[in-house]
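Here's the structure we're looking at; comments come further down.
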Amino acid sequence: MLVVNTKLKQLIKESGKTQGLLAKEVGIPEARLSRIIHGYITPRKSEEKTIARILGILTIDVFPPQL
């Protein structure tokens, strides 16, 4: 089952950044960021940390640990 990361989507919007700009800052293709947001793929730990740092949040706030 796919789970859209609505919190991440909201935080990107609140930051004033586009998905394309955030992807560029993270160093990944925009399509990969879109797939992360829409739950098609799980981000690498390094991507989680970079996204959180750029958005000024804690990693756990948007990417809860998977059991």
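Go through (1) more than 15 Å from K17 (Cβ to Cβ); (2) among the small types (G, A, S); (3) modelled with pLDDT of 95 or more and name the single condition G39 misses.
(3)
Could you please let me know if R53 is surrounded by fewer than 14 Cβ atoms within 10 Å (Cβ to Cβ), part of a helix (DSSP H, G or I), among the basic types (K, R) and at pLDDT 95 or above?
Details: surrounded by fewer than 14 Cβ atoms within 10 Å (Cβ to Cβ): yes; part of a helix (DSSP H, G or I): yes; among the basic types (K, R): yes; at pLDDT 95 or above: yes.
Criteria met by R53.
Could you give me the residue pairs with C-beta distances under 7 Å whose first residue belongs to the stretch 54-67 and is within 12 Å of P43 (Cβ to Cβ), whose second residue is of a type in the set (G, A, S) wherever it lies, and which are 6+ apart or on separate chains?
T59/A52; V62/A52
What are the residues in the stretch 46-56 that are of a type outside the set (S, T, N, Q) and under 11 Å from the mean Cα position of the chain (by Cα), if any?
Within the stretch 46-56, E47, E48, K49, I51, A52, R53, I54, L55 meet the criteria.
When you scan the stretch 42-50, do you find a residue that is free of Cβ contacts under 8 Å to residues at least 24 places away in the same chain, of a type in the set (D, E, K, R), out of contact with any Leu (no Cβ under 8 Å at 6 or more places or on another chain) and not in a helix (DSSP H, G or I), even just one?
Taking every residue of the stretch 42-50 in turn, at least one turns out to be free of Cβ contacts under 8 Å to residues at least 24 places away in the same chain, of a type in the set (D, E, K, R), out of contact with any Leu (no Cβ under 8 Å at 6 or more places or on another chain) and not in a helix (DSSP H, G or I).
Starting from residues that are exposed (fewer than 12 other Cβ atoms within 10 Å of the Cβ) and on the phi < 0 side of the Ramachandran plot, keep the ones in the stretch 2-17 and report whichever is farthest from the chain's Cα centre (by Cα). First the steps, then the outcome.
Of the residues in the stretch 2-17, the ones exposed (fewer than 12 other Cβ atoms within 10 Å of the Cβ) are 2-4, 6, 10, 13-14, 16.
Then drop every residue that is not on the phi < 0 side of the Ramachandran plot, which leaves 2-4, 6, 10, 13-14.
On the way: L2: 15, V3: 13, V4: 11, T6: 10, Q10: 10, K13: 12, E14: 13 Å.
Only one residue fits best here, namely L2.
I need the full set of residues from the stretch 18-36 which are crowded, with 18+ Cβ neighbours inside 10 Å and either in contact with a Pro (Cβ under 6 Å, 6 or more places away or on another chain) or under 16 Å from V4 (Cα atoms) (or both), in order please.
L33, I36
The values are calculated or read from the model by the stated rules, or taken from the named source; none is laboratory data. Quick caveat, the model's predicted, so the values are computed rather than measured. Please note: Cβ atoms are built from the backbone with ideal geometry, for glycine as well, and neighbour counts cover all protein chains shown.
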